[in-house]
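A.B. asks: Pasting a structure here, questions to come.
Quick note: the coordinates plus some simple rules give every number you see, no bench work behind them. Because the structure is predicted, anything quoted here is derived from the model rather than measured. When we count neighbours, we look across all protein chains shown, and the Cβ atoms used for this are built from the backbone with ideal geometry, even at glycine.
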Amino acid sequence: MMDDLKRFVPATFVVLWATGFIGARYAMPWAEPFTFLALRFLLAAVLLRLLMVALRSRRVGAREAFHGVIAGVLMHGVYLGGVFWAIHRGLPAGLSALIVGLQPLITAVIAGKLLKETILPRHWAGLMVGFAGVVIVLWPKLGLLGSGVTAATLAASVVSVFGMSLGTVWQKRFASGADLLAGTFWQYVGGTAAAALASLLFETQAVEFNGELLFALAWLVLVLSIGAIFLLMVMIREGAMAKVASLFYLVPATTALIAWILFGEELAPIQIAGMAIATFGVGLATAQVGTRARASR
């Protein structure tokens, strides 16, 4: 039964992660990015702490907590902080998504070096094909770049990509053995600290509470910070990092589909072709080594 449910984890994660644009779309006009993220991460940490108490979750030691905090600073503080800040400063979401699309390739390189994971030529080909599919999906959205494309916003996007890649590898290397609830709680302690510090240094902490902001906050805390991150932690614990990271190639395509359904955004034939290519690339990158190949190692 559990094995049957695990088959749905990757697809469920991609769909949930892709809905993150809904929260960002509704929240950004009403709060500064680091201030909003600090509030989001704090609420997620509080909810996780309550769940730990209610479910009598196993506590983690100081070493596991430390590694969880570091992973949280990288995966939540640096990654989401960089993305939200760049978009808030005018970087087009399509260009931001394209830069973030480099994450699976960067993660594969880091995982190969630090985790000693063997990535076969077929998997490298899948990563390259997947990125090509992402470029095709996002291409129609890259026409209007605007004044938000600056050295600062581009640098923030690049830093965010490395933050996510390093964070997931750090989680796999040092913190994947921790209790799921407790480990994720400490991640959000780190994310809250990083976002709060950035908010104090660079923002006014102004927040205008209204229906849109509260909806965005509830959605991002419950669906993304709890639901999607839990699924990501499960996949990191049980899978090779390059294969897990390749799933992020499906996010732009899924986001485009959701935007088409909910907001009537145009979905061009070239984007549909890009979705098919990205899906094929992920299939290559996540393909299992055959029984004979495994036996010959």
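A.B. asks: Pop out the ³J(HN,Hα) list for the stretch 173-179 in order, Karplus 6.51 cos²θ - 1.76 cosθ + 1.60 with θ = phi - 60°, rounded to Hz; leave Gly and Pro as x.
C.D. replies: Values, residue by residue: 6, 10, 10, 6, x, 6, 4 Hz.
A.B. asks: Continuing with this model, one more query. Would you be so kind as to identify which of Val137, Val158, Thr279 lies farthest towards the positive end of the dipole of the chain, taking Lys and Arg as +1 and Asp and Glu as -1 on Cβ and the Cα centre as origin?
C.D. replies: Thr279
A.B. asks: In addition: Distance between the C-alpha centers of the stretch 108-126 and the stretch 30-58? Whole Å please.
C.D. replies: If you average the Cα positions of each part, the centres end up 33 Å apart.
A.B. asks: In nm, to one decimal, how far is the Ala151 label point from the Arg237 one, both placed 7 Å along Cα→Cβ?
C.D. replies: 4.5 nm
A.B. asks: Here is a further query. Given the DSSP H assignment, sum -39500 (n - 2.57) over each helix run of at least 4 residues in the chain and divide by its residue total; what's the result at 222 nm in deg cm²/dmol, nearest 500?
C.D. replies: -22000 deg cm²/dmol
A.B. asks: Right, here's the next one. What nm value, rounded to one decimal, do you get for the distance between Val109 and Ile272 when each label is placed 7 Å out toward the C-beta?
C.D. replies: Between Val109 and Ile272, the label points sit 3.6 nm apart.
A.B. asks: For a test of understanding, tell me how many lysine pairs in the chain have Cα atoms under 18 Å apart, given they are 8 or more places apart or on different chains.
C.D. replies: Close lysine pairs under the 18 Å cut-off: 6.
A.B. asks: Oh, and also: Please compute the contact order of the chain in relative form: average sequence separation of alpha-carbon pairs under 8 Å and at least six residues apart, divided by the residue count, as a percent.
C.D. replies: Reported as a whole number, the value is 38 percent.
A.B. asks: Can you give the local net charge around Leu284? Use residues other than it whose beta-carbon is closer than 14 angstrom to its beta-carbon, Lys and Arg +1, Asp and Glu -1.
C.D. replies: +2
A.B. asks: Longest segment of the chain with no chymotrypsin sites (Phe, Trp or Tyr not before Pro) in a DSSP loop having at most 15 other Cβ atoms within 10 Å?
C.D. replies: 9-208
A.B. asks: Quick one: compute the contact order of the stretch 103-255, relative version, from alpha carbon pairs under 8 angstrom and 6+ residues apart, as a percent.
C.D. replies: 53 percent
A.B. asks: Of the chain, which part is the longest with no GluC sites (Glu not before Pro) in a loop (DSSP not H, G, I, E, B) and with at most 15 other C-beta atoms within 10 angstrom?
C.D. replies: After excluding every exposed loop site, the longest remaining stretch is 1-207.
A.B. asks: Gain in length, Val207 to Ala287, computed as 0.36 nm per residue apart minus the alpha-carbon separation, to one decimal in nm?
C.D. replies: Result for the pair: 24.2 nm of gain on full extension.
A.B. asks: So how far apart, in nm, are the two label points at Thr12 and Leu200 if each is 7 Å from Cα heading toward Cβ?
C.D. replies: Here the modelled spin labels are 3.8 nm apart.
A.B. asks: Please report, ordered by residue number, every helix of the chain (full DSSP H runs) that is 30 Å or longer along its axis going by C-alpha atoms and whose mean Kyte-Doolittle hydropathy reaches 1.0.
C.D. replies: Span-like helices, by this rule, are 33-54, 180-202.
A.B. asks: Between Trp260 and Leu222, what length comes free when the chain is fully extended (0.36 nm per residue of separation minus the Cα-Cα distance, one decimal in nm)?
C.D. replies: Full-extension gain reported as 11.3 nm.
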